[in-house]
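Just below is one structure, and these are the notes that go with it.
The values are calculated or read from the model by the stated rules, or taken from the named source; none is laboratory data. Since we're looking at a predicted model, the values are computed, not measured. Neighbour counts are summed over all protein chains in view; Cβ atoms, including those assigned to glycine, are modelled from backbone coordinates with ideal geometry. Quick note on the areas: whole protein, heavy atoms, side chains included, nothing else; ligands and nucleic acids left out. Shrake-Rupley method; radii C 1.70, N 1.55, O 1.52, S 1.80 Å.
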Amino acid sequence: MKIVIFASHQPELVETEESLGHLKHVEIRIGIMPELTRDCDALILPGVFAHDRYGFRAIPKQAQVLVNNLGDTAPRLVVATPSYAPHFRGSHPEPGKSAISEMLSKRFVAIKRSREHAIDTVAIPLDSMSFEGIDKKVVASSFCHALSYSRLTDLMDCNDDHVA
């Protein structure tokens, strides 16, 4: 599976690129939709946004693969995350080592287990993930841990300077 991580501005991607940019199945892009997601099968969005826009009932603590029937600029499939906002707003002691990694892992596992939808390329818009105010090194480290947990890469493949 190829993972496209993108943001509208390069400074948002510095830590992620340093930590993950060398991985063969991770591509870092700068820009906006739809140009950056035309070749993607799925887009990962926070559950609250995904379910509000694309429908379907949220299942607590689970990531879900939703079908985009709107014909908008998003890919045909949208991966809705489990709810996570309270963990990122100071109520959790170390989000990088737990809440963010767990939430990201659930997404990747949901994609891998999706038998009815073939997903080869998934896009992750950092600008839309509600990571504001969280140290970018923590976010990059969380991606490494999540990719490793989901068996999409080996933790040893991540840049040690950025893995917590």
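Descriptive notes on the structure:
- Close pairs from region 39-55: first more than 10 Å from A123 (Cβ to Cβ), partner open to solvent by 80 Å² or more (accessible area, probe 1.4 Å), Cβ under 6 Å, at least 6 apart: G47/S83
- Filtered residue count, region 82-121, keeping only those that are surrounded by 19 or more Cβ atoms within 10 Å (Cβ to Cβ), modelled with pLDDT under 85 and part of a loop (DSSP other than H, G, I, E, B): 1
- Condition check for I28: out of contact with any His (no Cβ under 7 Å at 6 or more places or on another chain) and farther than 18 Å from M129 by Cα: no
- Among the residues here, G47 does not qualify as touching a Ser or Thr at 6+ places or on another chain (Cβ under 8 Å), at pLDDT 90 or above and open to solvent by less than 40 Å² (accessible area, probe 1.4 Å).
- Residue list for region 14-35, restricted to those being open to solvent by less than 40 Å² (accessible area, probe 1.4 Å), in contact (Cβ under 8 Å) with a residue 40 or more places away in the chain and either more than 24 Å from V109 (Cβ to Cβ) or out of contact with any strand residue (DSSP E or B) (no Cβ under 9 Å at 6 or more places or on another chain) (or both): E15, S19, P34
- Qualifying residues in region 131-150 (those that are among the aromatic types (F, W, Y) and surrounded by fewer than 22 Cβ atoms within 10 Å (Cβ to Cβ)) - the one farthest from M1 (Cα to Cα): F131
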